[in-house]
1. Tell me, yes or no, whether segment 73-89 has at least one residue that is small (Gly, Ala, Ser), modelled with pLDDT under 70 and either assigned to a loop (DSSP other than H, G, I, E, B) or in the same structural domain as Ile134 (by TED's automatic domain parsing) (or both).
2. Quick one: is Glu149 in contact with a Lys or Arg (Cβ under 9 Å, 6 or more places away or on another chain), charged (D, E, K, R) and either surrounded by 10 or more Cβ atoms within 10 Å (Cβ to Cβ) or at pLDDT 70 or above (or both)?
3. Among the residues of segment 92-134, write down those that are β-branched (Val, Ile, Thr) and outside any loop (DSSP other than H, G, I, E, B).
4. Just to be sure, is Ala137 surrounded by 12 or more Cβ atoms within 10 Å (Cβ to Cβ) and in contact (Cβ under 8 Å) with a residue 60 or more places away in the chain?
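The values are calculated or read from the model by the stated rules, or taken from the named source; none is laboratory data. Here the structure is a predicted model, which is why all the values come from computation and not from measurement. All Cβ positions, glycine included, derive from the backbone under ideal geometry; neighbour counts span all protein chains shown.
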Amino acid sequence: MAPWGVLLWMRSTTGQVPPAPRPAATLRSTSPSPTEITPLHRGPWGELEYSRILIEPPEEFITANYTKPDAIHWVFKNYSESSLATLWENAGLTATQRAFLAAPSRRQVTPEAILILPDRDFIIGLSPESRGKIYAALAEFSENSAQYEPYRLRNDAVPQWFDSFILSNAKFN
C-alpha cells in the first residue's frame, strides 16, 4: 500500500490533472517499463494507475556461491604421530573416530606439520568436550584461522553498535 500512497501524495503535490483513462480496447496487454505509469479504468473509486516496482531480483540473478564453505583442514605444526594420538586420547575420541582421522585420504604428513581433512559430519558428530580440546590445540597455529582468530560477538557491546542511531533502549532488553 505504501507505493500507492506515495503515488497519490506525488499527484496531490504536483497539482497535475491525471490523464484521461484509455478506452479498454487501447489498454496495453504487455507490462510497462519500470518508469512508465499506466492509467486504469475509472470507477466509483476514482482514477487509478499503476507502475511496475521491483520487489526482489529474479532467481537467476542470485548466486549461491557464498553458501559453499571452504574445505575443512586442520594443521598441527610440529606434531608427531604419537603427540597427535595423545591429543585424540585426551579429547576422548572413539576408536572409530581415530580410525576415520587416520585414513590416508584424510591426512597429509610433512616434516613441518600433519594436515588432517575431516568432513562436516565428522565434526558435527564430535562431543562438545572433544571438539573443545581439539579446537584448543588448533588455536595454537595461525593456519587454523577459524580457531586461531574466531569470530567473537560480545553481547554487552550491542548497544554501542547503535550509538550513532536513534533507537529506544527498550529494543535491547
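1. no
2. no
3. The answer is Thr96, Val109, Ile114, Ile116, Ile123, Ile124, Ile134.
4. Answer is yes for this residue.
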